[in-house]
Amino acid sequence: MRYLATILRCGILVGCLSWQPATTLAQERRPVQVDVDHAAFAYDDRHALMEVYLAFAARDLTYQRAEAGYSARLPVDLALLHSTLPGLPAAPEAPVWQDSLTLQFVVPDTSALLTGQRFVHQLRTAVPPGEYTLRVIIPGDPARQRAELTLQRDVFIPDFSNPGLVGLSDLTLATAIEPSRDRENPFYKNGLVIRPNANQLFGSNLRRLFYYGEVYNLPAVLGDDASYTVLAYIAEANLPQPLPDYQQRTQRPVRHPDVLAGSFDISRLPSGSYFLRIALLNEANEALAEQARKFFVYNPGVERAGPTLVETDFENSQYAAMSEEEVSRAFAHIDLIATEQERRRMKGLRTLEARQRFLMEFWDKRDPNPNTTVNEFKDEFYQRLQYANDRYTSSLAEGWETDRGRILIKYGLPTNIEPHLFDRGVAPHEIWVYNNIPGEGQAQFIFADRNGFGQFELIHSTVAGERRLANWQEELRRQ
């Protein structure tokens, strides 16, 4: 059964980062550099609208003289497959969707091309919610000395069809968003022309980050006469609090759907990884839905401030009085949420005082309101840890050390838990569903007691970096 129909194809050279001028085109051809991204939006009761963004390095293409200047042609094959085990070939079923294109790009003069310039191509197609693998193949061309290139990425398409929940689409990061009435423009959507940035890299000549998203079901949840608040902010990767001067709060009337579009000037951000986070808040300031997208900044002229160490208050702080055993236990706790850079620093600390000071710095920089005596982030962390201990501690491990405890501490309480403890023919298991995890959107975790000893192990998740097992249903079946 063919589930999908391609709705749109387009390609255009858009604003791009130019790190250094190009003097000549490369003589020895290699695979074309391609960036792939996607976003999902509501479509109908059975499908979501998936947008696929492809960005091709302009200088990697082979050009020939044409009437309008120089022209490059590039074949591209795309397929959307049901997810399978990592490292194994896809199931021998037909792709859910596939398409073969021959893209043509025209430039007036190849000598003016700069490193970092991209041709951007966009496709839209309807797809049922689920887990997929998107495969992009650029065939090789011996005549042009171009090797074949195959790219794959996991794609999770959320289900936006529940009218009782506020839905928030994926966020599209863009190089530009402009009002428009030109419905024939291939990047037109809801009165806007949106030029996506498939590699999520900003800075230098791309001094402003634009974003686009959609909100669903607000009137059904809040009422027709209500209002809500959109909180948009930029945070350091893996840190919750907004960066100073990078927070926008806007009150809006409810409508279905509602279109969110905005931008941030990132010209003063140091090079590094960041998250754009958006939270939808009701009139009681409670979160209705949240979404986030990771992006990268390259600003070589902006210096990053060194880590803030609170030297003055350390001697009188609770951290200075902690024993070696207490510090070791605290390090084991914070390892659940620490960044990779922080984990490397933790391993290199040799003295008790250095480890104590690190703990103080770790929690201080996560404090959402440093002007108060309470660190709300730390308090919530340990409330979650205590909850995990109360629920999941056994004779084998404390609750926070179990898979369910770790996920609860890291992501909070799930929106819904489906217990399947006595289903015939399958191992006892639980399905945890989160409506929104920042950076992931709607997500699920599958925990199974495969040995019958009450130890629920995480066997599958749709969240990046967690364990993924595409045939987890088979794993649950009793032998």
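Here is a list of conditions, (1) exposed (fewer than 14 other Cβ atoms within 10 Å of the Cβ); (2) over 24 Å from the mean Cα position of the chain (by Cα), and residue 141 meets all of them except one; can you say which number that is?
Just one mismatch for residue 141, condition (1).
If we keep just the residues of the stretch 240-271 that are over 22 Å from residue 208 (Cβ atoms) and not basic (Lys, Arg), which is modelled with the lowest pLDDT?
240
Would you pick out the residues in the stretch 434-479 that are within 21 Å of residue 336 (Cα to Cα), free of Cβ contacts under 8 Å to residues at least 24 places away in the same chain and surrounded by fewer than 15 Cβ atoms within 10 Å (Cβ to Cβ)?
465, 467
Filter the stretch 12-49 down to residues that are closer than 16 Å to residue 122 by Cα and of a type in the set (Val, Ile, Thr) and give me whichever is modelled with the highest pLDDT.
Selected residue: 36.
Among the residues of the stretch 216-242, which ones are under 17 Å from residue 285 (Cα atoms) and assigned to a strand (DSSP E or B)?
Listed by number, the residues that qualify are 227, 228, 229, 230, 231, 232, 233.
Considering only the stretch 257-289, how many residues are out of contact with any Asp or Glu (no Cβ under 9 Å at 6 or more places or on another chain), surrounded by fewer than 19 Cβ atoms within 10 Å (Cβ to Cβ) and either more than 20 Å from residue 194 (Cβ to Cβ) or free of Cβ contacts under 8 Å to residues at least 12 places away in the same chain (or both)?
Qualifying residue count, the stretch 257-289: 9.
Please determine whether any residue of the stretch 64-71 is outside any strand (DSSP E or B) and modelled with pLDDT under 90.
The answer is yes; a qualifying residue exists.
Between a first residue in the stretch 316-340 that is surrounded by fewer than 11 Cβ atoms within 10 Å (Cβ to Cβ) and a second residue that is not in a loop (DSSP other than H, G, I, E, B), which pairs have beta carbons less than 7 Å apart while being 6 or more apart in sequence or on different chains?
From the stretch 316-340, the pairs are 324/352.
Can you tell me which of 148, 131 is farther than 24 Å from residue 202 by Cα, in contact (Cβ under 8 Å) with a residue 40 or more places away in the chain, under 19 Å from the mean Cα position of the chain (by Cα) and outside the structural domain of residue 265 (by TED's automatic domain parsing)?
The conditions single out 131.
Kindly list the number of the only condition in (1) outside the structural domain of residue 461 (by TED's automatic domain parsing); (2) without any contact (Cβ under 8 Å) to a residue 12 or more places away in the chain; (3) closer than 17 Å to residue 472 by Cα that fails for residue 398.
Condition not satisfied by residue 398: (3).
Here are 349, 385: which of them is in contact with a Lys or Arg (Cβ under 7 Å, 6 or more places away or on another chain) and of a type in the set (A, V, I, L, M)?
Exactly one residue qualifies, and that residue is 349.
Write out, first by first residue and then by second, each pair whose Cβ atoms fall under 9 Å of each other, whose residues are 6+ apart or on separate chains, and whose first residue, in the stretch 213-233, is farther than 13 Å from residue 167 by Cα while the second is part of a loop (DSSP other than H, G, I, E, B) and of a type in the set (Val, Ile, Thr).
Within 9 Å, the pairs are 223/254; 224/254; 225/254; 226/254; 227/254; 228/166; 228/254.
Would you check if residue 263 is in contact with a strand residue (DSSP E or B) (Cβ under 6 Å, 6 or more places away or on another chain) and not in a loop (DSSP other than H, G, I, E, B)?
Considered against the rule, which asks whether it is in contact with a strand residue (DSSP E or B) (Cβ under 6 Å, 6 or more places away or on another chain) and not in a loop (DSSP other than H, G, I, E, B), residue 263 comes out as yes.
Collect the residues in the stretch 381-410 that are within 22 Å of residue 366 (Cβ to Cβ) and among the basic types (Lys, Arg), keeping them in residue-number order.
Within the stretch 381-410, 384, 406, 410 qualify.
Are any residues in the stretch 434-462 at pLDDT below 90, closer than 30 Å to residue 395 by Cβ and not aromatic (Phe, Trp, Tyr), and if so, which ones?
Those that are at pLDDT below 90, closer than 30 Å to residue 395 by Cβ and not aromatic (Phe, Trp, Tyr): 450, 451, 452, 454, 455.
When you go through 111, 169 one by one, which is the residue that is farther than 30 Å from residue 460 by Cβ and hydroxyl-bearing (Ser, Thr, Tyr)?
Matching residue, one of 111, 169: 111.
The values are calculated or read from the model by the stated rules, or taken from the named source; none is laboratory data. The structure presented is a predicted model; accordingly, all values stated were derived computationally and were not measured. When we count neighbours, we look across all protein chains shown, and the Cβ atoms used for this are built from the backbone with ideal geometry, even at glycine.
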